[in-house]
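To start, the structure itself, in structure tokens.
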Amino acid sequence: MTIVMSNRIISEKIYLITLFIWVVVASLVTTTYFIRLEGFLSLYRILLYFTIAMILIKELMNLPKTLYYFIFHWKQLLIVMGLFIAMFIVAKNRDGLLDTNVLLLVFSARDIDFRKLLGTFSAATFLVLCLTIYASQQGIIANMFMNADSGYRFSLGFNYVSFASQRLFFALCTYLMFRGKRVSYLELSALLLATIYMYRQTSTTSPFYLSILILTYALFSIKIFKKEFIIENFWLSKIATYAFIIALMLTLYFCFYSSGDVFRLVDQFTHNRLRLSVEGFQNFGVLLFGQRISFSTLDIFGNFTSNYNFIDSSFVQLLVIDGLVVSGFMLFALTNVMRYFVSIRKDIVLACLGIMIIHGMFDPQMLVLRYSPLILFISRLFIMNSDNEIE
């Protein structure tokens, strides 16, 4: 028993350290101006192979237990097989080795404590924010700025002016899920001040309003009324369970079936992202196994190109880039993830995931592991521990 527990503790530490390093380095290299510093690209390549090596070591330590588990849990084995097929298709259409890393991190998270996953991811994300903002203020890396209606928008060291606020939004949601009912008034106030600071610097509206919304929910649900509004309401719990499917249906409705006035209103509110989603469907179509797409975004001076065609919606990207096979698996898996959190009564987790789903309707970071831990939750569908202590 002691040896088994020792192996579990060691393998858990290997995974959490690897996840922390992966999130920090991958984020700094792919989303900030640290990439312009000498040696960072080489560090990134080392990270990709380091992650594979560490996950393989962790899995070899647990191999007998893993084989025994999947021999007697064929439904979970089918989900794992679906995950591997889906992620190999994603790797073909997107970032290859990077997506292979994501696949291994998701699969290997199945025996990791839920709160430790969130705590590690939250710490890594806040570290990325602090390092990047500090480096930009000290002149170590560049700080992009763009004209805005009331002044300037600053990137704070990130590759684009909205990236810092998007990262804070997901860090905030992850931290609330991590702390749960333990979150204090002081922590909520600190998160609110950080959100206001980020909005004043970047003038990015979507993550600002959604952050205020989830902080308000946490305040009333956890601190004031001490009531689980989603779990205790039959209809809200059903909506939460099928939130991913509902969000996709709403996105398609706005794209193709909404009236002209509704379309223009939503498109204006989302800064032309609805129009770009429609053009994405028209220009690229939806294929069974997806396709690799090279978008036209910014020129060498940081200005929008005349043929800008980036698809911002996570749901539309899922269909257009990853294809019908991957989209079908992800909707199935993520719907069951929501059903799982309903079953174990994780109200604040459901609220945060709901806000992240709304964000994903018109922003691309929802399933990107460098920003969001959401894709890691697919591992909850094949947890190896029979008890509930892992949660």
>> Below 8 Å between Cα atoms, with a sequence gap of 6+, how large is the relative contact order for the chain in percent?
In response: 20 percent
> Leaving out ligands, DNA and RNA, what percent of the accessible area of the stretch 237-335 is carbon and sulfur, probe 1.4 Å?
Replying inline: 63 percent
> When only the heavy atoms of the protein chains count and the probe is 1.4 Å, how do Ser27, Ser203 rank by accessible area, highest first?
Replying inline: Ser203, Ser27
> From largest to smallest, what semi-axes in whole angstrom does the stretch 259-391 give when each is the square root of 5 times an eigenvalue of its alpha carbon gyration tensor?
Replying inline: 32, 17, 14
> Using alpha carbon centroids, what distance separates the stretch 273-288 and the stretch 1-73, in Å?
Replying inline: 35 Å
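Counting heavy atoms of the protein chains only and a 1.4 Å probe, report the per residue accessible area for the stretch 108-177 as a whole number of Å².
Per residue, the stretch 108-177 has 34 Å² of solvent-accessible surface.
Please tell me the relative contact order of the stretch 96-188 in percent, rounded to the nearest whole number, where contacts are Cα pairs under 8 Å and at least six residues apart.
27 percent
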> In whole percent, how big is the carbon plus sulfur part of the accessible area of the stretch 150-227, probe 1.4 Å, protein atoms only?
Replying inline: 66 percent
> What is the local net charge at Ile9, summed over the other residues whose Cβ is closer than 13 Å to its Cβ (Lys, Arg +1; Asp, Glu -1)?
Replying inline: +1
>> Just to be sure I follow: if Rg is taken over the C-alpha atoms of the chain and Rh is the Kirkwood radius over the same atoms, what is Rg/Rh?
In response: 0.95
> Under a Cβ-Cβ limit of 4.7 Å, which cysteines in the chain have nobody to pair with?
Replying inline: Cys130, Cys255
> At a Förster radius of 22 Å, what calculated FRET efficiency corresponds to the Cβ-Cβ distance of Tyr242 and Leu78, to the nearest 0.05?
Replying inline: 0.55
> What order, most packed first, do the peptides 75-88, 115-128, 348-361 have when packing is the mean number of other Cβ atoms within 10 Å of each residue?
Replying inline: 348-361, 115-128, 75-88
> Pairs of lysine in the chain with Cα under 15 Å and at least 8 positions apart or on different chains: total?
Replying inline: 9
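Would you list the membrane-span-like helices of the chain, meaning whole DSSP H runs whose alpha-carbon atoms span at least 18 Å along their axis and whose mean Kyte-Doolittle value is at least 0.0?
2-31, 40-61, 74-93, 114-137, 163-179, 185-202, 205-218, 243-256, 323-343, 347-360
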>> Which residues among the stretch 107-121 fall inside the zone where the amide N is under 18 Å from a point 7 Å beyond the Cα of Lys65, along Cα→Cβ?
In response: 107-117
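The values are calculated or read from the model by the stated rules, or taken from the named source; none is laboratory data. The model shown is predicted, which means the values in this text are computed figures rather than measured ones. Don't worry about glycine lacking a Cβ; one is built from the backbone with ideal geometry, like all the others, and counts go over all protein chains shown. Note: areas computed on protein heavy atoms with side chains; ligands, DNA, RNA excluded. Shrake-Rupley method; radii C 1.70, N 1.55, O 1.52, S 1.80 Å.
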